[in-house]
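Peer 1: After the structure tokens below, expect a handful of questions from me.
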Amino acid sequence: MSSPQQLEIRHAVPGDAAAIATVHVEGYDSAHRGILDPASLAVRNFELRRRVWSERLADPPARSFVLVAVEGGEVVGFVSGRTAHPDEDGGLGEGRVENIYVLSRCRPRSRVAAPLMEASLDAMAELGYTIGFGFVAEGNDRSRNFLRGLGWHHDGYVIEVEGLRQYRIRHDLPSSARSPSGEGPREPSA
């Protein structure tokens, strides 16, 4: 039995857009099959995701991040985040993990997803956030249990998106990347 190759977590670059789109389509389908209707899954196709990720990586929004997990030179997972919208965090302007997906052939998926989620906490802290939020769809017990094991917890807030109940999860962020006053990222040391 061969062992997995070394996993590298790095910031995504524009050339990663197609690989991220592939992971996104497969991961979204796997996570939501049986939860969302097939028509909703079908619209989230490769061409749409490739276009969206090409645009996002070419001109990233302020206070956002996209990290990829690379194994053997191939993108096998990604996580992305941004400032939460007011209806997502009550207007606090905190960080929000919006996507985390891993190719299904990476077994167990947690060996890729866990380092990506840990890196997302650091990325949000470096962007000056103090709390990280995310949402887990009702019925996605696998993700909810995985995130609970990493210290994320449901805080009681629920929204409905496209007819699907989503439970907000949160995680306090490490303070090491923020300035001592908590006002944002520290300047890198020389």
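The values are calculated or read from the model by the stated rules, or taken from the named source; none is laboratory data. No experiment lies behind these values; they were computed from the predicted model shown. Here the Cβ is made from the backbone with ideal geometry for all residues, glycine too, and neighbour counts use every protein chain on show.
Peer 1: Can you tell me which residue is farthest from PRO108 (Cα to Cα) among those in the range 124-170 that are under 14 Å from the mean Cα position of the chain (by Cα) and in a loop (DSSP other than H, G, I, E, B)?
Peer 2: So, considering only residues that are under 14 Å from the mean Cα position of the chain (by Cα) and in a loop (DSSP other than H, G, I, E, B), the one farthest from PRO108 (Cα to Cα) is TRP152.
Peer 1: PRO108 versus (1) modelled with pLDDT under 95; (2) farther than 18 Å from SER30 by Cβ; (3) of a type outside the set (A, V, I, L, M, F, W, C): which is the lone unmet condition?
Peer 2: Status for PRO108: all satisfied but (2).
Peer 1: Take the residues in the range 59-74 that are under 18 Å from GLU98 (Cα atoms) and among the aliphatic types (A, V, I, L, M); name whichever of them is surrounded by the fewest Cβ atoms within 10 Å (Cβ to Cβ).
Peer 2: Among those residues, the one meeting the criterion is ALA62.
Peer 1: Which of the numbered conditions does LEU127 fail, given that it passes all the others? Conditions: (1) modelled with pLDDT of 95 or more; (2) in contact with a Leu (Cβ under 6 Å, 6 or more places away or on another chain).
Peer 2: With (1) modelled with pLDDT of 95 or more; (2) in contact with a Leu (Cβ under 6 Å, 6 or more places away or on another chain) applied to LEU127, the lone miss is (2).
Peer 1: So, in the range 39-74, how many residues would count as being outside any loop (DSSP other than H, G, I, E, B), out of contact with any Gly (no Cβ under 7 Å at 6 or more places or on another chain) and touching a residue at least 60 places away in the same chain (Cβ under 8 Å)?
Peer 2: Final tally of qualifying residues: 3.
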